[in-house]
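Comments concern the structure below.
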Amino acid sequence: MKYYVVTYGCQMNLSDSERIAAVLGSMRYKPAEEISEADLIVINACSVRQPAIDRIYGLVEKLKKNKKEITTILAGCILKKDENKFSKIFDYVFNIKDLPNWPKILKKPAIHKIHDRENFAQLRNSNNYFDVTPKYSNKFSANVPIMTGCNNFCSYCVVPHTRGREISRPAKEVITEIKNLIKKGYKKIWLIGQNVNSYKDPSTGSGQAINFPKLLKMVNDISGEFVLNFTTSHPKDFSDELIETMVKCKKLSTDLNLPIQSGDDEVLKRMNRPYTVLQYKNLVKKIRKALPNIRLSTDIIVGFPGETKKQFNNTVKTLKEIGYGVAFINKYSPREGTAAAKMKDDVAWAEKKRREKILINLVNKK
Ligand code: 5AD
Ligand code: SF4
């Protein structure tokens, strides 16, 4: 019996897929080279932007035409409304946090079973999906999740609704996983989470809890030769302690992703991003002064509800001023259940495309 995992979205989903592969491996499934050879297909979905969700419908339709008997599983970041729709075309719709229970559930012929989200707090106590040792997909570079979920509720973003609130992984577990990777010869370690800066070791009391800078230093101090990186950071949580620690961490890469999302204060406010452009710029100044070799990248959303041409031009101006190495430009699309979905999506798609192109040209020109 063979399996195939299709992954959409961010590094967290890629990392989850490595744990899914490990669990399927423990059930004696073998990886298939091609999706057409697989008996079991897992789609690890992303709901952050609409195109990834649209692609899933197309992909499943194609698979269904395939004559073979296949079992299909949907996992990943899925909205409740999509979960109900998808449950009609997938055999199973699973919450990733339920991963340790997959072998048990898959043994039963539970067609169209939706796994209950509300149960997940209970499951977590006994069954932590991070405990699954991943089947790493790369031999040199590994993603190591340190936390998942998000408490920030940026108004456009679906993550707090699909992944739930922030949960940090015990520092001891993180360190053990990384030590094992280094022993195996891994040369690049990415600490990943939706908001790594709000990491807090759950196994220590709140007074002396290991925070993100302390964890970063602990990882940096693991002996061996490797490059360390982390993603993603929220500017509001980027503390002086973190900058001072980064200076001390000699294994730290010079790449830093610091999403600004918009270069206009009004838009930032409506996005529920609690900083101003000036505060962001001052933070960049501080970071560059302490770490002169740093290469910044960022995420931008164009065509957020109510974004005027003038407000967009403020983003253009800000991008020019800051001078990023890379910028990931996203056209806004409303996500059901988010605060922004209640606002009027009043920037036409063609205009969103125009704004996207302007920013892409701006960054690529360099
Ligand atoms: N529409 C467009 N882009 C979005 N992002 C998050 N939600 C949306 C949305 N509704 C972008 C943000 C984030 C990146 C991962 O995806 O820029 O940083
Ligand atoms: Fe989404 Fe904002 Fe949380 Fe990032 S910080 S995952 S954009 S809500």
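The values are calculated or read from the model by the stated rules, or taken from the named source; none is laboratory data. Here the structure is a predicted model, which means the values were calculated and not measured. No Cβ is skipped: glycine too gets one built from the backbone with ideal geometry, and neighbour counts run over all protein chains shown. Heavy atoms of the whole protein, side chains included, go into the accessibility calculation; ligands, DNA and RNA do not. Shrake-Rupley method; radii C 1.70, N 1.55, O 1.52, S 1.80 Å.
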Under the rule that a partner needs its Cβ under 4.7 Å from the first Cβ, which Cys of the chain have none?
-> Cys10, Cys46, Cys77, Cys150, Cys249
Enclosed volume per residue, in Å³, of the convex hull spanned by Cα atoms of region 249-343 | 109 Å³
Going residue by residue through region 77-94, the Karplus relation 6.51 cos²θ - 1.76 cosθ + 1.60 with θ = phi - 60° gives ³J(HN,Hα) values, rounded to whole Hz and with x marking Gly or Pro, of 7, 10, 7, 3, 5, 6, 4, 5, 5, 5, 5, 7, 10, 9, 6, 9, 10, 10
Centre separation in Å (Cα based) which lies between region 216-241 and region 316-366 = 28 Å
Calculate the length of the line joining the C-alpha centroid of region 65-101 to that of region 266-302, in whole Å.
-> 37 Å
Net charge, Gly25 excluded, C-beta distance under 13 Å - Lys, Arg +1, Asp, Glu -1 | +4
List the GluC sites (Glu not before Pro) within region 196-298 that fall in a DSSP loop (any state other than H, G, I, E or B) and whose Cβ has at most 10 other Cβ atoms within 10 Å.
-> Glu225
Cubic angstrom per residue, convex hull over Cα atoms of region 164-208 = 93 Å³
Computed over region 2-123, Kirkwood Rh from alpha-carbon pairs, angstrom = 14.5 Å
Take the chain, connect every pair of alpha-carbon atoms lying under 10 Å apart with a spring to form a Gaussian network, then pick out the residue of Met343, Met271, Met12 with the largest mean-square fluctuation.
-> Met343
Could you check how many percent of all C-alpha pairs in the chain are farther apart than 37 Å?
-> 23 percent
Three principal axis extents, largest first, for the C-alpha atoms of region 138-253, in Å?
-> 41, 31, 25
Share of the chain's accessible area from carbon and sulfur, percent, 1.4 Å?
-> 53 percent
Rounded to the nearest 500 deg cm²/dmol, what is the calculated helix-only ellipticity per residue at 222 nm for the chain, with -39500 (n - 2.57) per DSSP H run of length n ≥ 4?
-> -11500 deg cm²/dmol
In Å², what does the accessible area per residue of the chain work out to with a 1.4 Å probe?
-> 48 Å²
